[in-house]
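Contents: one structure, followed by commentary.
Just so you know, all these numbers are worked out from the coordinates, no wet-lab data involved. Predicted model, so just to flag it, every value in this text is computed and none were measured. We place every Cβ from the backbone using ideal geometry, glycine too, and count neighbours over all the protein chains shown.
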């Protein structure tokens with residue numbers, strides 16, 4: 001049994017194994033080759049945050065793998081009425097083969113793993129988004145051929161995406177730069193780890209951060225739960241946008257990634273988004289393939 005709580009917990013070898021398996025599963029799906037590796041298995045999907053890509057990709061992924069997925073919103077569970085997460089973990093462990101949870105607090109995911117007896121997969125927390133970053137790494141590798149030695153620059157809020165990109169990028173041999181306002185930097189402990197384990201820079205100079213980048217990445221300025229800060233954040237992040245000026249200092253063949261949904265003309269211009277739409281929607285598609293590989297890894301240990 002294996003969990004995916006955060007990418008820090010996984011070795012470089014495990015990350016590469018999942019990326020290789022994701023490539024294989026994508027090839028098989030595209031060529032109509034069935035891979036019912038999880039026949040008879042059931043995944044419980046707990047959603048305390050709404051989702052498009054996470055829900056559809058996990059549900060379709062379990063179907064492709066021969067299993068089934070059960071959607072559980074906080075309105076459907078007693079956890080939404082105050083039942084302790086440790087009790088929920090122990091009950092669901094007796095019904096299900098694995099749990100994917102998309103929620104606010106990282107501590108809730110860790111508690112499910114502590115008290116449950118089945119694999120727990122982090123579908124997103126305010127701290128990190130490991131499933132998304134595995135899909136990102138898969139997409140970058142598809143378009144660039146390799147990860148090692150590439151420069152990734154994330155522009156925007158030092159949020160859960162920035163935290164996970166730092167870990168995923170450094171562990172796979174990329175250099176990682178975060179360009180963000182000083183008051184919106186990523187997790188301090190993660191930045192210290194990155195500085196000690198790889199090539200990492202955090203700057204508030206967007207053009208400096210994007211200079212020579214192979215990959216430019218951004219996310220919305222106000223994530224779920226931060227809607228009340230939207231206007232404040234628009235002011236704080238003015239200038240932290242992927243646009244033609246930023247593209248001009250990156251490598252001429254730089255690719256663009258966005259975890260979606262995108263707010264055009266805020267964190268990215270419509271022009272740049274549409275010019276790189278193929279890369280962005282390849283990234284969205286790869287959520288399906290990367291998460292199928294995670295499910296196989298966690299449930300079968302492959």
- prompt: What is the Cα centroid distance between region 75-148 and region 190-230, reported in whole angstrom?
  reply: 23
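Output needed for region 50-171: three equivalent-ellipsoid semi-axes, defined as square roots of 5 times the C-alpha gyration tensor eigenvalues, in descending order, whole Å.
With the √(5λ) rule applied to region 50-171, the semi-axes are 29, 17, 13 Å.
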query: Peptides 258-267, 37-46: what's the order by average Cβ count within 10 Å, highest mean first?
result: 37-46, 258-267
message: If I model a spin label at residue 71 and residue 193 as a point 7 Å from the Cα along the Cα→Cβ vector, what separation in nanometres do I get?
response: 3.3
- request: Taking every pair of alpha-carbon atoms in region 130-283, give the share separated by more than 29 Å as a whole percent.
  value: 7
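Normalised by the residues of region 130-283, what does the relative contact order come to in percent, with Cα pairs under 8 Å and at least six apart?
Values: 279 pairs, mean separation 37.1, N = 154.
Computed over region 130-283, the figure is 24 percent.
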- prompt: For region 1-101, what mean projected area does the convex hull of the alpha carbons give, in nm²?
  reply: 7.4
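At a 10 angstrom cut-off on C-beta neighbours, averaged per residue, how do the peptides 292-299, 244-251, 118-125 rank from highest to lowest? Write down the numbers at each step before the final one.
Numbers: 292-299: 24.1, 244-251: 17.1, 118-125: 26.0.
Highest-to-lowest ranking by the protection proxy: 118-125, 292-299, 244-251.
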message: Taking every pair of distinct Cα atoms and averaging 1/r, then inverting, what Kirkwood hydrodynamic radius in Å comes out for the chain?
response: 19.5
statement: For the chain, longest principal axis from Cα atoms; helix 12-30 axis from its Cα atoms; angle between them, nearest 10 degrees, is 80
- line: Longest principal axis of the chain (C-alpha) makes with the long axis of helix 106-115 (C-alpha) an angle, in degrees to the nearest 10, of 30
